[in-house]
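In what follows, a single structure is set out as structure tokens and then discussed.
The values are calculated or read from the model by the stated rules, or taken from the named source; none is laboratory data. Given the structure is predicted, the values throughout are model-derived calculations rather than measurements. No Cβ is skipped: glycine too gets one built from the backbone with ideal geometry, and neighbour counts run over all protein chains shown. These accessible areas exclude ligands, DNA and RNA; they are computed on the full protein's heavy atoms, side chains included. Shrake-Rupley method; radii C 1.70, N 1.55, O 1.52, S 1.80 Å.
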Amino acid sequence: MRKIPCRHLVLILGDQLDEASSALEGFDPLQDQLLMVEALEESTHVWSHKVRTTLFLSGMRHFAKSLEQRCLPVDYRALETHGDATLAAGLTAAVLQHRPQQVLGVEPGDLRVRASLDDAIKLIADSACIDWAGGLKPSINWLEDKHFLCSLSQFRKWAGKSASLRMEFFYRTMRKQYKVLVEGRDGDQPVGGKWNFDAENRKGFGKAGPKNVPAPLIFQPDSITQDVMALVEQKFPGHPGDLSRFNWPVTRAQALTALDDFIENRLPHFGAHQDAMWTGMDFGWHALLSSSLNLKLLNPLEVVHAAEKAWKEHDADLPSVEGFIRQILGWREFMRGVYFLDMPELKTANHFGHENALPAWYWTGETKMNCMKQCLQQTLTNGYSHHIQRLMVTGMFGVTAQIRPQQLCDWYLAVYVDAVEWVELPNTAGMALFANGGRFTSKPYVASGAYVKRMSNYCSGCSYEPETRVGTTACPMTTLYWNFLDQHESAFADNPRTALMVKNLQRMAPALRGEVRARASAMLADLDAL
């Protein structure tokens, strides 16, 4: 028990379970106090999936236990004991209890959270009803998040004043900086002669389907996780999701085991079929490490080095290794930089002016479109779907169905276990929905039902036909795709990346184009009926 005045109250947020956190540097258990807060709002400001909430709370409780085992003092404000409505309320109560000279924390990955905590501290400091010893009012100092490999200042310098950013060039810079998959006297040339092997990583399964799919590891819920699961069912009974198959790492030890399992059993075959989808194949060869990375249970560089080592020492497939490393060293770092660079405008971006409401079946999976049904039901069961299911099925439909970007962004933030706003928002608004007008993508990611048919078996047995553009059996993916091109024909004709799409549109007979418009109009008027 600390008997001297509190110097630092150190706040650790639910996605900052980092043993090497900046917040722990210089921590003195005789003078300082750690604080962790479970807050209702973090599961209700979006309708958070039960699996997502369970992962965060279980991860927090396990991390608090590990800190206490290191004899570090933790003030843990649990939902069932303290019931804090918001993080700000929990922080306020802790500040009034501990009377610190200063509050420290690692910069949050959600600017909503940062603003609310800043406001809470200011309100306390300005209160005339509180007598601060020596007149020293508390302040909050946000520390750099050293978990990431590119600091925000470095990213801003790289981006400069450019209106258009491209991940590929950023990725090459990071490869050279960290000497990953490079060779040559100066370490500035890519191994294998190419920076990017993406063209080799887009294969479908064909009619035979996937073979020898590895089973994911099983992490049996311990007593802490079981208590959290019961709490989530009690506090959030109406929220989406099913906890019966909860199976995500909640400790660093489990995350490291998951990393080892991926490197040994799935990475060698990860690349070729990473874009492919198949009924009943929830995980395939995907890493399943994003939630552990985003909770900071894993360090990105240790993940990158493990993959590179598999290529160097165990002859793992280079396109697979490069494709995986690009997601971590490239996209993940890039998206964080974009988030902090482009906020708050990114939050409200709506380039196409789309205003349709999110169909209710996004929350149930009860739709006649089998591709959407499969991806949504997988998401609602596991809190997970892979990048192509998010980008080219649920996201792509959001674009062509003209759904308001903010509604779909909130859905993505709610339902995925790896969702924190710094990574979710730019991926959804910027990449999937083109809501920012192509800030870092050269074209909208849209395609007809033919793409889904080529990359999956979802079209088999569907109520709709992917080749059909009009009529009652017309595939909504197809009809809405052609309607989308029709609506933006002029702009897309001027873009080299979409010009071929427009040429194909212009080959369509005028009468058929009219029928497509009419069928699309009927679909857009009643998306819930699809």
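Place a +1 charge on the Cβ of each Lys and Arg in the chain and a -1 charge on the Cβ of each Asp and Glu, then give the dipole magnitude about the Cα centre in debye, rounded to the nearest 20.
In total the dipole reaches around 1260 debye.
Where a ≥ b ≥ c are the square roots of the eigenvalues of the C-alpha gyration tensor, would you call the range 1-133 rounded, which needs a/c under 1.5, or, failing that, prolate if a/b is larger than b/c, or oblate?
Oblate, since a/c reaches 1.5 and b/c is not below a/b.
So what's the back-of-envelope 222 nm ellipticity for the chain, counting only DSSP H runs of four-plus at -39500 (n - 2.57) apiece and dividing by all residues, rounded to 500?
When only DSSP H runs of four or more count, the value is -12500 deg cm²/dmol.
Working from the pairwise distances between different alpha carbons, so that the mean of 1/r is found and then inverted, what is the range 268-423's Kirkwood radius in Å?
Working: mean 1/r = 0.0587 Å⁻¹.
Answer for the range 268-423: a Kirkwood hydrodynamic radius of 17.0 Å.
Which of rounded, prolate, oblate describes the range 363-455, given a ≥ b ≥ c as roots of the alpha-carbon gyration tensor eigenvalues and a/c under 1.5 marking rounded, otherwise prolate only if a/b is larger than b/c?
Oblate is the answer for the range 363-455, as a/c is 1.5 or above yet b/c matches or exceeds a/b.
Between the range 215-278 and the range 51-74, how far is it from one alpha carbon centroid to the other, in angstrom?
Distance between centres, Cα-based: 17 Å.
Hey, how many Å between the Cα centroid of the range 363-424 and the Cα centroid of the range 298-360?
Their Cα centres are 17 Å away from one another.
If the only charges are +1 at each Lys and Arg Cβ and -1 at each Asp and Glu Cβ, what is the size of the charge dipole of the range 296-402 around the Cα centre, to the nearest 20 debye? Could you put the intermediate results ahead of the total?
Details: 10 positive and 11 negative charges, 57 e Å.
In debye, rounded to 20, the range 296-402 gives about 280.
Please give me, ordered by residue number, the GluC sites (Glu not before Pro) of the range 15-57 that lie in loop per DSSP and have at most 15 other Cβ atoms within 10 Å.
Those that pass, being in a loop and sparsely packed, are Glu19, Glu25.
Could you tell me the relative contact order of the chain? Use alpha-carbon pairs under 8 Å, at least six residues apart, and round to a whole percent.
Reported as a whole number, the value is 16 percent.
Any idea which of Ala357, Val415, Leu259 is furthest toward the positive side of the dipole for the chain, if Lys and Arg beta-carbons carry +1 and Asp and Glu beta-carbons -1?
Farthest towards the positive end: Ala357.
Counting only protein heavy atoms and a 1.4 Å probe, tell me what percentage of the chain's accessible area is made up of carbon and sulfur.
Carbon and sulfur atoms account for 51 percent of the accessible area of the chain.
D for the chain, whole µm²/s, Stokes-Einstein with Kirkwood Rh over alpha-carbon pairs at 37 °C and 0.692 mPa s: what number?
Result for D is 133 µm²/s.
Return a whole-number percent for the relative contact order of the range 98-171, with Cα pairs under 8 Å and 6 or more residues apart as the contact set. Show your work: numbers first, answer last.
On the way: 46 pairs, mean separation 28.8, N = 74.
This gives 39 percent for the range 98-171.
Angle check, please: helix 405-415 long axis (alpha carbons) against the longest principal axis of the chain (alpha carbons), in degrees 0 to 90, nearest 10.
In the chain, helix 405-415 runs at an angle near 60 degrees to the longest axis.
Mind listing which GluC sites (Glu not before Pro) in the range 129-237 are in a DSSP loop and have 14 or fewer other Cβ atoms within 10 Å?
In loop regions of the range 129-237 (DSSP not H, G, I, E or B), the sparsely surrounded GluC sites (Glu not before Pro) are Glu144.
D for the range 242-330, whole µm²/s, Stokes-Einstein with Kirkwood Rh over alpha-carbon pairs at 37 °C and 0.692 mPa s: what number?
For the chosen part, D equals 243 µm²/s.
Could you give me D for the range 436-530, from Stokes-Einstein at 37 °C and 0.692 mPa s, where the hydrodynamic radius is the Kirkwood radius over C-alpha pairs? Units µm² s⁻¹, please.
The diffusion coefficient I find is 233 µm²/s.
Do you know the relative contact order of the range 227-368, to the nearest whole percent, from alpha carbon pairs under 8 angstrom that are 6+ apart?
Over the range 227-368, the number comes to 22 percent.
Among Ser291, Ala159, Pro100, whose Cα sits farthest toward the positive end of the charge dipole of the chain (+1 at Cβ of Lys/Arg, -1 at Cβ of Asp/Glu, about the Cα centre)?
The Cα lying farthest towards the positive end belongs to Ala159.
Against the longest principal axis of the chain, how steep is helix 252-265, in degrees 0 to 90 to the nearest 10, with axes from Cα atoms?
30 degrees
Would you tally the net charge around Gly398, using a Cβ to Cβ cut-off of less than 14 Å, leaving Gly398 out, and scoring K and R as +1, D and E as -1?
On the way: positive: Arg390, Arg404; negative: Glu355, Asp410, Glu424.
Summing Lys/Arg as +1 and Asp/Glu as -1 gives -1.
What does the charge add up to near Arg166, with Lys and Arg as +1, Asp and Glu as -1, over the other residues with Cβ less than 12 Å from its Cβ? Intermediate values should be presented prior to the final figure.
Working: positive: Arg172, Arg439; negative: Glu168.
Summing Lys and Arg as +1 and Asp and Glu as -1 gives +1.
Tell me, what is the per residue accessible area of the range 59-172 in Å², probe radius 1.4 Å?
Using a 1.4 Å probe on heavy atoms only, each residue of the range 59-172 averages 49 Å².
Using only Cα atoms and rounding to the nearest 10 degrees, what angle (0 to 90) does helix 167-178 make with the longest principal axis of the chain?
50 degrees
Shape of the range 30-96 from its Cα gyration tensor (a ≥ b ≥ c, root eigenvalues): rounded if a/c is under 1.5, otherwise prolate when a/b > b/c, or oblate?
Oblate.
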